[in-house]
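A.B. asks: First the structure, then my questions, so here it is.
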Amino acid sequence: AKNAGRNRLASFVPEMTLATQRRALLEAELRRAIEQHALVPYYQPQFDCRTGAMVGVEALLRWPHPQRGFVPPMEFIPVAEDTGLIVELGRWVLQRACDDAVAWDRAGAPPLTVAVNVSARQLKEKCFLDDVLTALHRSGLPPDRLELELTESLLMEDMEGAVAFMHAVRAAGVRLSIDDFGTGYSSLAYLQSFPINQLKVDRTFVQSLPVAGHTIATAVIALARGFGLSVIAEGVERPEQLEWLRAAGCDYAQGFLLGRPMPAADVLALTVARGEP
Ligand code: C2E
Ligand code: CA
Ligand code: CA
Ligand code: CA
């Protein structure tokens, strides 16, 4: 027992060190990857539930690591947020997404909305509004084709700052969507005062459809209706989920059933393939 105790202690300390080292390594590698533009935006298609038309995409960052394959965003986004690297990375994704959308236009794709995820850390930076306007200006993308995805928790962190930002980007014509809706701790009262365009039903509610989750999904769709917002469901994996959402009056859907996140070139191929009679 004495030995076991000592072993536990002996292995505990190096493990902590290992985690810290791993994180430091990840940070250094991420920094280098950002400098070398080694990260790539993938795009997941979004569809109109009624017509089946592809209407937009969500930009999702991918990090192809030379040794470890694709590092999932769940691993590197928090590191980017903690270190502030997300500011530079976010600016870059924003520009790439706008540029790619314009490239699809020029190649003859139907006008797609491109949604970009925003971190709380980015919103805190004074320069973020400028970053958004610069990306639009440099790309020439019409502002109403760019959609920013904000989470409830991000909005709650600094309500006043967030509201000021939202009014400013809305005034510029950019669209706003509340991501992971229903998973935050915010009250519903804010929906009255936030200048948003869309609610995004979180994957956790969609996943259990149609057996469970329909009470919340129904409520979110009704809320969106009441406030004159559109509503999109994420994480649609099975036909019966899509069927349920369509019948419930959900406007848009996104998920593995309809399309996985893909490189920019594949988005173009997808619109061309779908556009053919
Ligand atoms: P999110 O914004 O909620 O993005 C949706 C996630 O669900 C994506 O994971 C997507 O690949 C995944 N997904 C889509 N359809 C399905 C489905 O049918 N089933 C399942 N099981 N999953 C589905 P991903 O790409 O791993 O991204 C994870 C998170 O990382 C994102 O969650 C977002 O919070 C963050 N993230 C990704 N790219 C960016 C970025 O450019 N900026 C910021 N700030 N965050 C990002
Ligand atoms: Ca999102
Ligand atoms: Ca989401
Ligand atoms: Ca999420």
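A.B. asks: Grab the DSSP H runs of the chain that are 4 residues or longer, score each as -39,500 (n - 2.57), total them, divide by all residues and round the 222 nm result to the nearest 500 deg cm²/dmol.
C.D. replies: Computed ellipticity for the chain at 222 nm equals -16500 deg cm²/dmol.
A.B. asks: To the nearest 10 degrees, how steeply does helix 264-275 sit against the main Cα axis of the chain, on a 0 to 90 scale?
C.D. replies: Relative to the chain, helix 264-275 is tipped by roughly 30 degrees.
A.B. asks: Additional query: Mean separation of Cα pairs under 8 Å and 6+ residues apart, divided by the residue count of the chain: what relative contact order is that in percent?
C.D. replies: About 18 percent, as a whole number.
A.B. asks: Hey, what did segment 204-263 get for relative contact order, percent, Cα under 8 Å, at least 6 apart?
C.D. replies: With pairs under 8 Å counted, the relative contact order is 34 percent.
A.B. asks: So, in nm, how far is label GLU240 from label SER187 when the simple model puts each one 7 Å beyond its Cα toward the Cβ?
C.D. replies: For GLU240 paired with SER187, the spin-label model returns 3.9 nm.
A.B. asks: Further question: For the chain, what is the percent of antiparallel DSSP beta bridges, rounded to the nearest 5?
C.D. replies: 40
A.B. asks: For ASP266 and GLU35, compute 0.36 nm times the residue count separating them, minus their Cα-Cα distance, and round to one decimal in nm.
C.D. replies: So the chain would gain 80.6 nm between ASP266 and GLU35.
A.B. asks: With each label point set 7 Å from Cα along the Cα-Cβ vector, what nm distance links ALA171 and THR17?
C.D. replies: Between ALA171 and THR17, the label points sit 5.5 nm apart.
A.B. asks: Compute the angle between helix 239-248 and the longest alpha-carbon principal axis of the chain, please, reported from 0 to 90 degrees and rounded to the nearest 10.
C.D. replies: 50
Bear in mind that the values in this text are calculations on the coordinates, not laboratory data. Given the structure is predicted, the values throughout are model-derived calculations rather than measurements. Glycine gets a Cβ as well: all are built from the backbone with ideal geometry, and neighbour counts include every protein chain shown.
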